[in-house]
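Down below is the structure, laid out as structure tokens.
We did not get these values from a lab; they are worked out from the coordinates using the rules stated. In this text, all values refer to a predicted model and were calculated from it rather than measured experimentally. We place every Cβ from the backbone using ideal geometry, glycine too, and count neighbours over all the protein chains shown.
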Amino acid sequence: MTGTVRKALALIAIGGLVGACSSPAGSAGTTVTATLKEWEIKLSSGDLKAGDIQINFTNNGDKEHEFLVRKTDLAPDKLPLVTSGEDKGRVDEESSQLTEVGNPSEIAVLPPGSTGLSLRLTLQPGHYVVFCNLHVNDLFHYKKGMHTEFTVT
């Protein structure tokens, strides 16, 4: 096999891998905007259709935030909290009452003023909560009101 043929085959293989790993533009069935700031999270819609969801983020706040999505029957202000140790007071992300919905199912860092970050999930019908679980010193973003909910039908 000549060097030119090898290079051509390598380019075809790489192109196939890139195509398999990327999703086509507009493949998310529903797009939702999540706007975060101190001390709230607002979603552009609270009622979504089951299937592919893309959440686009804007942090209009002066502080860093995060965005976690969990399926649960609980109200957003009634989530289970860690009761001891270093994480005491934070939402217990590992609780059996909260179901992780994807990998990833969160944006861990939303710097102040950030835009352009997005999260794609495939969601089944049910009740979902979103929240910021950051805390600095004794300031717990969740306890300050950074949580909301949505329903998927």
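What FRET efficiency comes out for Glu94 versus Thr31 if R0 is 30 angstrom and r is the Cβ-Cβ distance? Round to the nearest 0.05. Walk me through the intermediate numbers first.
Working: r = 30 Å, r/R0 = 0.98.
It comes out at approximately 0.50.
So which of Lys42/Lys78; Lys37/Lys88; Lys49/Lys144; Lys42/Lys88; Lys63/Lys144 end up more than 21 Å apart, counting from Cα to Cα? Don't skip to the end; give the middle numbers.
Details: Lys42/Lys78 18 Å; Lys37/Lys88 23 Å; Lys49/Lys144 29 Å; Lys42/Lys88 26 Å; Lys63/Lys144 13 Å.
Over 21 Å apart, Cα to Cα: Lys37/Lys88; Lys49/Lys144; Lys42/Lys88.
Please arrange Arg120, Arg90 by how many other C-beta atoms lie within 10 Å of their C-beta, fewest to most. Write down the numbers at each step before the final one.
Working: Arg120 14, Arg90 19.
Ranked by crowding around the Cβ, least crowded first: Arg120, Arg90.
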At Asp47 and Val82, where each label point lies 7 Å from the Cα along Cα→Cβ, what is the point-to-point distance in nanometres?
-> 3.8
³J(HN,Hα), Karplus 6.51/-1.76/1.60, whole Hz, each residue of the range 66-79, x for Gly, Pro | 9, 9, 10, 10, 9, 8, 6, 9, 7, 5, x, 8, 10, 6
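If you restrict to DSSP beta bridges whose two residues both lie in the range 26-152, what percentage is antiparallel, to the nearest 5? Intermediate values should be presented prior to the final figure.
Values: 30 of 39 bridges.
So the antiparallel bridges amount to about 75 percent of the total.
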